[in-house]
1. Just report the Cα centroid separation between segment 118-132 and segment 28-58, whole Å.
2. Using DSSP, restrict attention to beta bridges with both residues in the chain and report what percent are antiparallel, rounded to the nearest 5.
3. At a 10 Å Cβ-Cβ cut-off, how would you order Asp100, Asp88, fewest neighbours first?
4. Report Rg(Cα)/(2.2 N^0.38 Å) for segment 2-159, keeping two decimals.
5. Taking 23 Å as the cut-off for C-alpha to C-alpha distance, list the pairs among Lys79/Lys110; Lys34/Lys79; Lys29/Lys121; Lys3/Lys75; Lys34/Lys149; Lys3/Lys30 that go past it.
6. Scan segment 59-161 for GluC sites (Glu not before Pro) in coil per DSSP, keeping those whose Cβ has at most 10 other Cβ atoms within 10 Å, and list them by number.
7. With a sphere of radius 9 Å drawn around the Cβ of Thr80, what net charge do the other residues whose Cβ falls strictly inside it have (Lys, Arg +1; Asp, Glu -1)?
8. Tell me which aspartates and glutamates have Cα within less than 20 Å of Lys96's Cα, excluding those fewer than 8 residues away on the same chain?
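Coordinate-derived values only; no laboratory data. Since the structure is predicted, the reported quantities are computational estimates derived from the model, not experimental observations. Cβ atoms come from the backbone with ideal geometry, glycine included; neighbour counts cover every protein chain shown.
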Amino acid sequence: MIKVLFVCLGNICRSPMAEGSFQKLIADKKLHNKVSCDSAGTSSYHIGEFPDERMCKTAAKYDIMLNHRARQLVKEDFKTFDYIIAMDEKNYHNIKKLADSGGETPRSYKVFMMREFDSMKDHHDVPDPYFGGIDGFEEVYSILTRSNKNFMDFLIKEHNL
Ligand code: 4NP
């Protein structure tokens, strides 16, 4: 089983959306037995909460239900997951810092930035939509669907799925 973890700051907007859209791809490609995913946040701000209502509404428009409960990234995640996908540079550095502090460096090379897989990349980060309007959530949805498609193709090639 290839295990993927999507990580943002609060684990209530971007990473649960990334998880939901990737789950849909797993289902479309009938890869349930080979690929799984989860999400987490680098902060403890929203532990236990459901995703942001605005993110849920946007996801629902595209037939994606978000039912994740926010949790914080922990050191054990570096042992559990094969790929850790950061939503932005700040979180990428915090993920690396946690990995290195736990002596988990051998796997930290599997930490990627989500937009490394975005064919229309105009910025390194998936923008944080939390303090903005509804358009920001639509943009996050578009970026994540686009990037996830390419990330899935990458996994299929890399692991001969
Ligand atoms: P996320 O968005 O990292 O995409 O889940 C945010 C959620 C909450 C906060 C910031 C970003 N916050 O500052 O509470």
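1. When both Cα centres are located, 17 Å separates them.
2. 0
3. Asp100, Asp88
4. Normalised Cα radius of gyration, segment 2-159: 0.95.
5. Lys29/Lys121
6. Those satisfying the criteria are Glu76.
7. Taking every other residue near Thr80 into account, the sum is -2.
8. Correct list for Lys96: Asp38, Glu76, Asp77, Asp82, Asp88, Glu104, Glu116, Asp125, Asp128.
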